[in-house]
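Participant: There's a structure below that I have some questions on.
The values are calculated or read from the model by the stated rules, or taken from the named source; none is laboratory data. For clarity, every value in this text was computed on a predicted model and none was experimentally measured. In this analysis, Cβ positions are derived from the backbone assuming ideal geometry, glycine residues included, and neighbour counts consider all displayed protein chains. Note: accessible area is taken over every heavy atom of the protein model, side chains too, but ligands, DNA and RNA are not part of it. Shrake-Rupley method; radii C 1.70, N 1.55, O 1.52, S 1.80 Å.
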Amino acid sequence: MNSIGPNKQQYSSAINNKIGSLPLLPSVVSQLLVLSPDDDDFLDQVYHLARQDPTFSIRLVQYAAKTCKSSQMAEKFSLKHAIARLGSRQIASIVASLSLMDSFEPRNQSDRNLWVHSVQVAVIAKKLVEVMPDLHLESEIIYLGALLHDIGRFFIFQAVPEGPSRIDENRWSTPAALLDAEMKTCGIDHVRVGADACVHWEIPKAITDIVANHHNYNLPTDALDERLLRLRVDIIQIADFYSVYLMNQPVMVPDEIEQEEGYEEKQIEILATELAEVILSTGSVLPEKYRSIIPRTLIVQRKNILVETGKILDALGLQE
Ligand SMILES: [Fe+2]
Ligand SMILES: [Fe+2]
């Protein structure tokens, strides 16, 4: 019989309690998340909804001002300016980031690393969508799915403060090993916790499905909607992999090495081999033609990814 020790039981009930005690997303936020950025009056709808929630309005304006380059311009921001400046594509992701911040303000380095990882996966996933336009993936769904993919880990970290170190005692190095370590320590894994949290928060189904399947490599692909989910999950899995890959690389590569002839091509080749082994060989439905574009994009965009991630973390007040 699979017995759960007292610690596991305590941990899993602490995690479930944490989900149960979370406030629902403010109604303005849940209404914003289901708006379609393609609607002609999307920005007007955002404006009217945001006006109903003064705290949210203020934070939106602050966020827009922080991402604005000129401080003179930043002073003049009104809610309308802020919304126009952020633009329809960014609004939903900012809304989600701000709401997430309310529940998971980082308290230590593990929390902070998880924030960096979540924002980074979202930035990488958005870049991947941009270089594969004929797949017609909706970048805002991918971005939100990516931002929230490890939300279950936020819960585990908060409900079980010693959780990260207990889980790491199992020395995991692959997603499957991480899920296993979480099961051993907490009796539940972050995929299940994340999916439950999305349901509790009434997050749109397309995003919840991504969270619930982000470590699934055996998704069915017969029906059209199954194929679409598989494609979305493909992007998240590649972005997730690359974010971990980046964290294990030196942040600054000396100029003389970077400018060496063939350096970039070599990096692309190494990444392509690893990606093919870890992800692209495991049930991905990404068209063959993208398999060389993906590693190239990720290596060429490396610096932009780090800069964009930094800007978002800064606007959220998460930069040290
Ligand atoms: Fe995960
Ligand atoms: Fe992840």
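Participant: Only residues that are open to solvent by less than 50 Å² (accessible area, probe 1.4 Å) and farther than 26 Å from N248 by Cβ: list them for segment 131-140, please.
Facilitator: L135, L137, S139, E140
Participant: Looking at A206, A197 in this structure, which one is open to solvent by 20 Å² or more (accessible area, probe 1.4 Å), in contact with a helix residue (DSSP H, G or I) (Cβ under 6 Å, 6 or more places away or on another chain) and away from ligand 2 (no atom under 14 Å from the Cβ)?
Facilitator: Values: A197 fails: open to solvent by 20 Å² or more (accessible area, probe 1.4 Å).
The match here is A206.
Participant: Identify the residue in segment 139-175 that is away from ligand 1 (no atom under 14 Å from the Cβ) and in a loop (DSSP other than H, G, I, E, B) and, among all such residues, is nearest to V129 (Cα to Cα).
Facilitator: Checking each candidate, the answer is R171.
Participant: Since S165 meets every condition but one in (1) within 16 Å of Q237 (Cα to Cα); (2) open to solvent by 10 Å² or more (accessible area, probe 1.4 Å); (3) of a type in the set (G, A, S), which condition does it not meet?
Facilitator: (1)
Participant: Please work out which residue is nearest to ligand 2 (Cβ to nearest atom), limiting yourself to segment 141-159 and to residues that are open to solvent by 30 Å² or more (accessible area, probe 1.4 Å) and under 14 Å from the mean Cα position of the chain (by Cα). Walk me through how you get there before you give the answer.
Facilitator: Here is the first cut: in segment 141-159, the ones open to solvent by 30 Å² or more (accessible area, probe 1.4 Å) are 141, 153, 158.
Still in the running and under 14 Å from the mean Cα position of the chain (by Cα): 141, 153.
Working: I141: 17, R153: 8 Å.
Per the stated criteria, the residue is R153.
Participant: Now a separate question. Quick one: which helices (runs of 4 or more DSSP H) sit completely within segment 217-320 and have at least 2 residues that are assigned by TED's automatic domain parsing to the domain that holds E140 and surrounded by 19 or more Cβ atoms within 10 Å (Cβ to Cβ)?
Facilitator: Passing ranges, in order: 224-247, 263-275, 290-300, 302-315.
Participant: Can S93 be described as polar (S, T, N, Q), under 17 Å from G317 (Cα atoms), open to solvent by less than 20 Å² (accessible area, probe 1.4 Å) and modelled with pLDDT of 70 or more?
Facilitator: Working: polar (S, T, N, Q): yes; under 17 Å from G317 (Cα atoms): yes; open to solvent by less than 20 Å² (accessible area, probe 1.4 Å): yes; modelled with pLDDT of 70 or more: yes.
Yes; evaluated as a whole, the condition is true for this residue.
Participant: So, one more: Return yes when C186 is away from ligand 2 (no atom under 16 Å from the Cβ) and within 24 Å of I151 (Cα to Cα) and no when it is not.
Facilitator: Values: away from ligand 2 (no atom under 16 Å from the Cβ): yes; within 24 Å of I151 (Cα to Cα): yes.
Considered against the rule, which asks whether it is away from ligand 2 (no atom under 16 Å from the Cβ) and within 24 Å of I151 (Cα to Cα), C186 comes out as yes.
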